[in-house]
1. Identify, by number, the condition in (1) surrounded by 19 or more Cβ atoms within 10 Å (Cβ to Cβ); (2) not in a helix (DSSP H, G or I) that Gly142 doesn't meet.
2. Examine the range 154-169 for a residue that is of a type in the set (Lys, Arg), assigned to a loop (DSSP other than H, G, I, E, B) and either open to solvent by less than 60 Å² (accessible area, probe 1.4 Å) or out of contact with any Ser or Thr (no Cβ under 9 Å at 6 or more places or on another chain) (or both), and state whether such a residue exists.
3. Going through the range 21-50 one residue at a time, which ones are under 13 Å from Val92 (Cα atoms), open to solvent by less than 70 Å² (accessible area, probe 1.4 Å) and among the hydrophobic types (A, V, I, L, M, F, W, C)?
4. So in the range 103-123, with the set limited to residues that are free of Cβ contacts under 8 Å to residues at least 60 places away in the same chain and within 11 Å of Ala24 (Cα to Cα), which one is farthest from the chain's Cα centre (by Cα)?
5. Of the conditions (1) out of contact with any Ser or Thr (no Cβ under 7 Å at 6 or more places or on another chain); (2) closer than 29 Å to Ala53 by Cβ; (3) not aliphatic (A, V, I, L, M), Arg112 fails just one. Which one is it?
6. Find the residue count for the range 124-139, including only residues that are of a type in the set (S, T, N, Q), surrounded by 19 or more Cβ atoms within 10 Å (Cβ to Cβ) and either out of contact with any helix residue (DSSP H, G or I) (no Cβ under 7 Å at 6 or more places or on another chain) or touching a residue at least 40 places away in the same chain (Cβ under 8 Å) (or both).
7. Which residues, counting only those in the range 62-74, are surrounded by fewer than 20 Cβ atoms within 10 Å (Cβ to Cβ) and on the phi < 0 side of the Ramachandran plot?
8. List the residue pairs whose Cβ atoms are under 9 Å apart, where the first residue sits in the range 149-165 and is among the polar types (S, T, N, Q), the second is in a helix (DSSP H, G or I), and the two are 6 or more positions apart or on different chains.
Amino acid sequence: FTLPQALTRLRSQTLGTGWLWLVAAAFPPLLIYLRTMAPTVYGLDSAELTTGAYTLGIVHPPGSPVYLLLGHLFTWLPVGDVGYRVNLLSVVAGGVMAGFLYLILHQLTRLRWLALIVTWFLAFSYYTWISALTAELYALQGAWVAGLFWLALRWREQQRPWQLLLFTFMVGLGLGNHLSLVLLIPGFT
């Protein structure tokens, strides 16, 4: 391959109708989460995580430093109050999770419509929806796990060393969000 041929091939693979299906899978959940999310600081852990993200403080063990750092980046957005901005992290993570889930299901089934329907069923299920509305760790954890599954499937298919390196880096980083990721590691081997 020459570089122009490789770019043409990449463009034909990525700019086809596949992107429209991916947007159709991720964008409606993201919009609905955005319309139904808590408008400000919510109670319990959500309030603690919002405060921790804003001040870069320490929250209850194990601390969730990745969530706090990403949440702190969201506090810089010029919309709403701090509670709204950190809640927005969960909304975006929920949309990202839906996108990764669609990619996983499409890769496993090769049926776009089935992947879209199943993605929407999960995205609009009670616990997934509730997790994406307030500042909590679970929407980000769902996006992280879905991203790891997608990376694992890509590595299984292509076996490129950088994919395995990225996967292991993302597992290590994901442990900084929620330690339950340790329980999934044996399933990846």
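The values are calculated or read from the model by the stated rules, or taken from the named source; none is laboratory data. Just so we're clear, the structure is a prediction, and the values are computed from it rather than from any experiment. As a convention, Cβ positions derive from the backbone with ideal geometry for all residues, glycine included, and neighbour counts pool all protein chains shown. Areas reflect the complete protein model, heavy atoms only, side chains present, ligands, DNA and RNA absent. Shrake-Rupley method; radii C 1.70, N 1.55, O 1.52, S 1.80 Å.
1. The one condition Gly142 does not meet is (2).
2. We begin by selecting, within the range 154-169, every residue of a type in the set (Lys, Arg); these are 154, 156, 160.
Pick out the ones that are also assigned to a loop (DSSP other than H, G, I, E, B) and you get 160.
Still in the running and either open to solvent by less than 60 Å² (accessible area, probe 1.4 Å) or out of contact with any Ser or Thr (no Cβ under 9 Å at 6 or more places or on another chain) (or both): 160.
Checked the range 154-169: at least one residue is of a type in the set (Lys, Arg), assigned to a loop (DSSP other than H, G, I, E, B) and either open to solvent by less than 60 Å² (accessible area, probe 1.4 Å) or out of contact with any Ser or Thr (no Cβ under 9 Å at 6 or more places or on another chain) (or both).
3. Within the range 21-50, Ala26, Leu30, Ile32, Leu34, Met37 meet the criteria.
4. Result: Trp113.
5. Result: Arg112 passes all but (2).
6. 2
7. Of the residues in the range 62-74, the ones surrounded by fewer than 20 Cβ atoms within 10 Å (Cβ to Cβ) are 62-63, 65-66, 69-70, 72-73.
Pro62, Pro65, Val66, Leu69, Leu70, His72, Leu73, listed by residue number.
8. Final answer for the pair search is Gln163/Leu151; Gln163/Ala152; Gln163/Arg154; Gln163/Trp155.
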